[in-house]
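Below is one structure; the comments refer to it alone.
The values are calculated or read from the model by the stated rules, or taken from the named source; none is laboratory data. Please read these numbers as outputs of a predicted model, since none were measured by experiment. When we count neighbours, we look across all protein chains shown, and the Cβ atoms used for this are built from the backbone with ideal geometry, even at glycine. Protein only, heavy atoms only, side chains kept; ligands, DNA and RNA dropped before computing areas. Shrake-Rupley method; radii C 1.70, N 1.55, O 1.52, S 1.80 Å.
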Amino acid sequence: MFMEHENSYAYNIMENKGYAMKLNNKQDQVHVSNYSLEELLSENWSKKPPHTIFETFSILGVLCSEHNKCISDKVFDDFIDNLTDNLTKASDAELKLIFYSLLKWPVAESIKTRNFIEVWAALDDECLKRLRDWSYDEMLEFITLFYMLNVNRASDYSYRCLLKLASKAKHLTTSQLVRTMFFIGIQRKSPKDIHQLEIYINERFKEFSIDELAIISMGFFKSKTPIRNMDIIVKIIDIISNNSSQIHEISLAALLKIIRYSMKVTTGNKIYLLLDKLQAEVPRLSVMCNVHVGLLGTSTLTLHEGCLNAISNRVADAISETRIKDLERLTLTFGTFNYTPQSKNFLQNIIAELKKPEREVERTFYGRSFVCCVAYLGLLGIHPEELIKLVFDPLFLQKTYGKHIITYGREILTLHNRVKIFYKDSKIKLLSDKEAIILAKKYTDYVPNENYKKQYNVSERMFLDVLNILKGARGDDFVTGGHILTHHQRGDIILCNDHKGCAVPVGDAFDNKHFGLLRTPPNNNTWIVLIIGGRNALIHNTKIPSGLFKSKINELNALGYCAELVLWEEFSNRKTKEEKLEYLKVLIDNAVKNKK
């Protein structure tokens, strides 16, 4: 049965260290030369003792492999019924025998294949009954057997076992902690006490090798659980920095994933210094690992130009072998940083690669990655019309997203709107107005309203603060909030000046009656849009907007507005309303000047 390469690598580490059992389906070789399939099936198994049934199950598996006969065949129904009925009488050793015997049969089509599911589900029930009597090592041994069958995610025993292990974190040895985190990753669901595991992992941090820390990181990342204690993340960064030239790329990728997933605020220059170290390793790393090196800085918006240029050079040499999924992540990285690599043709080479006829199967199979890749290029001001045309092919859309418009991703609305903005005369058949409105309603937030009580986040509170200050200075009817670009999640603050620079009422030009479609300025006055930047609007240690905000400014300007970014740090550092108003007036003046 298929096991992910990353999982196999992680399991081999534990196996080589001697604390994970060997996954060997050749255990207890069975000699079947004296047996006949027909004779065995003709027996009355309801009269046979349990140990005979258990031993025969293994013999049947070998015979069926020789004859390529699947366990789902109805001829085995009676035997399987007797086998599962007798599991309560099996010793722990006999339970293990049945797990290994299942591997001797031809591979089932899925874990739900008839008779196959009956056997593993019965094993699941029996293991669940015995869970309270087993030691931690015995619990982990049986969860490993379910892993061997590739049924962990469907196994109640596996989940209950992990719940118990997590609740007993302080009693586990370091090797048991590693194995527990490995299986949490396999389960892709975190137990409620996973924070207890985090505490004891931190306490024993020095006892783990770098590869074991990678396995632990896989557990957190795959179960969508960020590490809350930033001390652990800082220690992981330090251990990568100190071992950057020796660390295996699969371990490196796993560690980088959890750093990125957990760290949303910069801790000094830690990420930049780590990227400094990793830049020298780029040539030896695979494209896939380099993708994660590139992505590392995106969560904290830490730009390292040298590293990005090295990655673009490495990928350029292997672009024909690079998966569309990896091209998608690379365009996201460069788009987020608003950065065009020194190799000027790199982005054009990505476009050329995506167009190739030999990529058609991959474009279809990984349709959403392909669409996202094209959309992320737009963050850099690149809108490849030929690729966008492929995206809006009705057959492609149906294969990728299904028949219903509500299942389409934000990336479709993004490309639709960008064509409307930058290719007004395009012949590409885009979404209908009705479809665009459906997606706009799905992907936009309500504009914050002080009359509607809810727990607003930092950006939303800042929106209300800016709105109130401008209303106090200009009048309630002269400022409003609304969605002009419907593919962006948050709305903006909209105001209007006449050609002399005097405030003009906005009225109901941006009310919700017309919500869902792109909105051009209602008249020839000067329409100004203030975009609330929030804490993560700028590239770290610069005054440069990230790709998302930069592209929003460009799109608004292209529609005919005068757009400017209200920076959280600049705004929040001004303590009085008067100071904040002066800052906003400067922004409004700059928006008009920059547009001209």
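Some values worked out for this structure:
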{"quantity": "Test for E55: is it open to solvent by 40 Å² or more (accessible area, probe 1.4 Å), more than 19 Å from M148 (Cα to Cα), assigned to a helix (DSSP H, G or I) and modelled with pLDDT under 85", "calculated": "no"}
{"quantity": "Some residue of region 502-509 being closer than 25 Å to K264 by Cβ and open to solvent by 30 Å² or more (accessible area, probe 1.4 Å)", "calculated": "no"}
{"quantity": "In region 377-394, the residues that are touching a residue at least 60 places away in the same chain (Cβ under 8 Å) and open to solvent by 10 Å² or more (accessible area, probe 1.4 Å)", "calculated": "L379, L380, G381"}
{"quantity": "Subset of region 246-283 [more than 19 Å from N309 (Cα to Cα) and among the β-branched types (V, I, T)]", "calculated": "I247, I250, I258, I259, V265, T266, T267"}
{"quantity": "Condition check for L163: surrounded by fewer than 17 Cβ atoms within 10 Å (Cβ to Cβ), under 33 Å from the mean Cα position of the chain (by Cα) and part of a helix (DSSP H, G or I)", "calculated": "yes"}
{"quantity": "Among (1) open to solvent by 70 Å² or more (accessible area, probe 1.4 Å); (2) more than 18 Å from G381 (Cα to Cα); (3) assigned to a helix (DSSP H, G or I) - the single one L548 does not satisfy", "calculated": "(2)"}
{"quantity": "Selection status of V592, open to solvent by less than 80 Å² (accessible area, probe 1.4 Å), part of a helix (DSSP H, G or I) and of a type in the set (A, V, I, L, M, F, W, C)", "calculated": "yes"}
{"quantity": "Residue, surrounded by the most Cβ atoms within 10 Å (Cβ to Cβ), within region 98-137, restricted to residues that are polar (S, T, N, Q) and closer than 23 Å to H51 by Cα", "calculated": "S101"}
{"quantity": "Any hit, region 145-153, residues being polar (S, T, N, Q) and in contact (Cβ under 8 Å) with a residue 24 or more places away in the chain", "calculated": "yes"}
{"quantity": "Filter pass, I469 being more than 28 Å from L327 (Cβ to Cβ) and not assigned by the TED database to the domain that holds D511", "calculated": "no"}
{"quantity": "Per-region count, region 150-160, residues open to solvent by 10 Å² or more (accessible area, probe 1.4 Å) and of a type in the set (F, W, Y)", "calculated": "1"}
{"quantity": "Enumeration of residues in region 571-580 that are surrounded by fewer than 17 Cβ atoms within 10 Å (Cβ to Cβ) and part of a helix (DSSP H, G or I)", "calculated": "S572, K577, E578, E579"}
{"quantity": "Matching residues, region 439-491, being more than 18 Å from S572 (Cβ to Cβ) and in contact with a strand residue (DSSP E or B) (Cβ under 6 Å, 6 or more places away or on another chain)", "calculated": "V447, K471, R474, F478, V479, T480, G481, G482, G491"}
{"quantity": "Condition check for P357: without any contact (Cβ under 8 Å) to a residue 40 or more places away in the chain, more than 21 Å from the chain's Cα centre (by Cα) and surrounded by fewer than 16 Cβ atoms within 10 Å (Cβ to Cβ)", "calculated": "yes"}
{"quantity": "Given (1) open to solvent by 60 Å² or more (accessible area, probe 1.4 Å); (2) over 21 Å from the mean Cα position of the chain (by Cα); (3) closer than 23 Å to N541 by Cβ, index of the condition L274 fails", "calculated": "(1)"}
{"quantity": "Residue within region 289-304 that is in contact with a strand residue (DSSP E or B) (Cβ under 8 Å, 6 or more places away or on another chain), under 29 Å from Q342 (Cα atoms), open to solvent by 10 Å² or more (accessible area, probe 1.4 Å) and not charged (D, E, K, R) present", "calculated": "yes"}
{"quantity": "Filter pass, K344 being open to solvent by 10 Å² or more (accessible area, probe 1.4 Å), more than 22 Å from the chain's Cα centre (by Cα) and modelled with pLDDT of 95 or more", "calculated": "no"}
{"quantity": "Among residues of region 443-458, those that are under 22 Å from L413 (Cβ atoms) and of a type outside the set (V, I, T), counted", "calculated": "4"}
{"quantity": "Flag if Y157 is hydroxyl-bearing (S, T, Y), over 29 Å from I233 (Cα atoms), in a helix (DSSP H, G or I) and out of contact with any strand residue (DSSP E or B) (no Cβ under 6 Å at 6 or more places or on another chain)", "calculated": "yes"}
{"quantity": "Test result for T486, among the hydroxyl-bearing types (S, T, Y), open to solvent by less than 60 Å² (accessible area, probe 1.4 Å), in contact with a Gly (Cβ under 7 Å, 6 or more places away or on another chain) and part of a loop (DSSP other than H, G, I, E, B)", "calculated": "yes"}
{"quantity": "Identity of the residue in region 316-330, in contact (Cβ under 8 Å) with a residue 40 or more places away in the chain and among the aliphatic types (A, V, I, L, M), that ends up nearest to E358 (Cα to Cα)", "calculated": "I324"}
{"quantity": "Residues of region 199-249 classified as open to solvent by 30 Å² or more (accessible area, probe 1.4 Å), closer than 20 Å to V291 by Cβ and either assigned to a helix (DSSP H, G or I) or free of Cβ contacts under 8 Å to residues at least 24 places away in the same chain (or both), total", "calculated": "2"}
